[in-house]
1. Picking from A:ILE155, A:ILE144, which residue would you name as being β-branched (Val, Ile, Thr) and touching a residue at least 24 places away in the same chain (Cβ under 8 Å)?
2. Output the residues belonging to region A:287-296 that are more than 17 Å from A:PHE239 (Cα to Cα) and in contact (Cβ under 8 Å) with a residue 12 or more places away in the chain.
3. Exactly one of these conditions fails for A:PHE80: (1) within 14 Å of chain B (Cβ to nearest Cβ); (2) within 20 Å of A:ASN124 (Cβ to Cβ); (3) open to solvent by less than 80 Å² (accessible area, probe 1.4 Å). Give me its number.
4. Within 23 Å of A:VAL250 (Cα to Cα) and under 15 Å from the mean Cα position of the chain (by Cα): does that describe A:LEU120?
5. In this structure, does B:THR163 turn out to be part of a helix (DSSP H, G or I), farther than 30 Å from B:LYS275 by Cβ and over 17 Å from the mean Cα position of the chain (by Cα)?
6. Filter region B:175-207 down to the residues that are β-branched (Val, Ile, Thr) and open to solvent by less than 20 Å² (accessible area, probe 1.4 Å) and list them by number.
7. Is region A:223-237 home to any residue that is of a type in the set (D, E, K, R) and open to solvent by less than 20 Å² (accessible area, probe 1.4 Å)?
8. Search region B:158-174 for residues being touching a strand residue (DSSP E or B) at 6+ places or on another chain (Cβ under 8 Å) and open to solvent by 20 Å² or more (accessible area, probe 1.4 Å), and hand back the single one that is nearest to the other protein chains (Cβ to nearest Cβ).
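The values are calculated or read from the model by the stated rules, or taken from the named source; none is laboratory data. Predicted, not measured: the structure shown is a model, and the values here were computed from it. Cβ sites come from the backbone with ideal geometry, for glycine too, and all protein chains shown count toward neighbours. The area values use the complete protein model at the heavy-atom level, side chains included, leaving out ligands, DNA and RNA. Shrake-Rupley method; radii C 1.70, N 1.55, O 1.52, S 1.80 Å.
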Protein chains: 2
Amino acid sequence: MSLLVIGTVAFDAIETPFGKTDKIVGGSATFASLGASYFYDKIKIVAVVGDDFPQHEIEDLQKHNVNTEGLQIKQGEKSFFWSGRYHNDMNSRDTLVTELNVLEAFDPIIPDSYQDCEYLMLGNLSPQVQQTVIARLKNRPKLIVMDTMNFWMDIALDELLKTIQLVDVLTINDAEARQLSGEFSLVKAARKILTMGPKYLIIKKGEHGALLFHEDKIFSAPALPLAEVFDPTGAGDTFAGGFIGYMAKVGTVNFNNMKNAIIFGSALASFCVEKFGSERLRNLSEEEIANRIQEFVGLAKFEL
Amino acid sequence: MSLLVIGTVAFDAIETPFGKTDKIVGGSATFASLGASYFYDKIKIVAVVGDDFPQHEIEDLQKHNVNTEGLQIKQGEKSFFWSGRYHNDMNSRDTLVTELNVLEAFDPIIPDSYQDCEYLMLGNLSPQVQQTVIARLKNRPKLIVMDTMNFWMDIALDELLKTIQLVDVLTINDAEARQLSGEFSLVKAARKILTMGPKYLIIKKGEHGALLFHEDKIFSAPALPLAEVFDPTGAGDTFAGGFIGYMAKVGTVNFNNMKNAIIFGSALASFCVEKFGSERLRNLSEEEIANRIQEFVGLAKFEL
């Protein structure tokens, strides 16, 4: 049994109103696997980097119980690089640079030792690659969670629609749910998207929390109101990783466990935004996480 | 003991993507007193209308346990009239017509029989008038709730700041909280506003619910995800009325009761938007409200 995470392992250079970074390690698979690592210890990653990617960063993933056998290192090539600048409201950003590099011809090879995968996290990546991973698994995982973004809806909608037919849980933000469904009301959007394949839909609303839809049920999860959002990069990936890591830990797929998984994912995402990149996710203590979870419980609780 | 509601009683003409109305009865005091009437039966209103205001509408308020002794009827004058058109997203609107009419020289006279007021709802209205009402009450009410909007921040900020010094609870939306505080983070905005007078701050976030701030405590209330928002006019007033009506019913001012009051106010607001104007608030059954409250409980509940 294991949790397989696919996505990007990459370099980011980030500017926010609080400062800027040189190239730091980012990528959807990095954030998602770090997020998951706080709840589950059998994580396997499929991704690709160039020979510019530091060995000690790979070792750091391994220290977080991430098996990197499926991390391809392409000699003579460069890692995926993204650079962006956040606006003052931290809700919108401009992309300054996108260098696909090794991603351009990424063939997601699944090591044999990964075929025991029961939980599959399809981190944000080309839907074609996400689909290939599903096809290459001999047994369908018990739970497939897919994260994606408007970028793929713009340039690869047909492939995206084919991929979401194959997954159990789709995680997108509110603008993306509206774009994908053509409906403004999130309730109508969710109804439509739930006919496209996924049995569960999570709509991420950033500072407004998240909504989980399943059949006719809805769960509204709060977001922790934060005085400072230092850097939102990777928060969605971290949320998704925390979500599936928690699901893998509890081992039973149902609506109630997913509610809790959303709270745990949100808690990890709330740490992620406190520092640049994945820095805050590197050394969280159990106590810090438990305290943060208690903040969520206190925030949302009412007793009529 | 009674609940005093001041605000506007007026005519609205509304256009939404779903249709348009001729002049229908609206106004902050109308919505707030109807909202409150579902939880509390000693409601007294201070407002002003012209002689164009239908007697049967006044009788309808009375049927909802609203004492209209303080409703001034100005002979030979016309009621306040507002007309607006909502955009497709229902979150923004254009004002087409504003005719102040009787509001221009509104002097909020408090009948002697109203001096037993323990709960005071200052519905959206000029902060100068709101302040005058407080000054004219011989005993300070146990709880003063004030609703206001960006319009008054734009044209009467000094008066607004004087008035909010005098109240216990301020209800504004997220954009208004940012405008009033000059802070983008709602946590920082709340901290600043809580130094301006109010002991409690409710930030209304429309489809994203509401946040209650008090000292270092925060409560995050969900909004019911709705497939259709037919007409948002009056939802904020209804929320405020339901909130203070519930507080008057329970009779003890504390953070926990306010959490519940927010849920009850949100439930009533969720009815308000289902039809044009205050139509949906005219004949709600106890069972409808109880069922809606249960939807809120189900929506937000998680058990770790």
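1. Criteria check complete, one pass: A:ILE144.
2. Scanning region A:287-296 gives no hits.
3. With (1) within 14 Å of chain B (Cβ to nearest Cβ); (2) within 20 Å of A:ASN124 (Cβ to Cβ); (3) open to solvent by less than 80 Å² (accessible area, probe 1.4 Å) applied to A:PHE80, the lone miss is (1).
4. Details: within 23 Å of A:VAL250 (Cα to Cα): yes; under 15 Å from the mean Cα position of the chain (by Cα): yes.
Here the answer is yes, as A:LEU120 does meet what is asked.
5. Numbers: part of a helix (DSSP H, G or I): yes; farther than 30 Å from B:LYS275 by Cβ: yes; over 17 Å from the mean Cα position of the chain (by Cα): no.
For B:THR163, the condition - part of a helix (DSSP H, G or I), farther than 30 Å from B:LYS275 by Cβ and over 17 Å from the mean Cα position of the chain (by Cα) - is not met.
6. At the first step, the residues of region B:175-207 found to be β-branched (Val, Ile, Thr) are B:187, B:193, B:195, B:202-203.
Within region B:175-207, B:VAL187, B:ILE193, B:ILE202, B:ILE203 meet the criteria.
7. Kept after step one, since they are of a type in the set (D, E, K, R), are these residues of region A:223-237: A:228, A:231, A:237.
Then keep just the ones that are open to solvent by less than 20 Å² (accessible area, probe 1.4 Å); that gives A:231.
The answer is yes, given that some residue of region A:223-237 is of a type in the set (D, E, K, R) and open to solvent by less than 20 Å² (accessible area, probe 1.4 Å).
8. We begin by selecting, within region B:158-174, every residue touching a strand residue (DSSP E or B) at 6+ places or on another chain (Cβ under 8 Å); these are B:163-164, B:166-174.
Next, from what is left, pick out any that are open to solvent by 20 Å² or more (accessible area, probe 1.4 Å): B:166, B:173-174.
Details: B:LEU166: 26, B:ASN173: 13, B:ASP174: 9 Å.
Per the criteria, the residue is B:ASP174.
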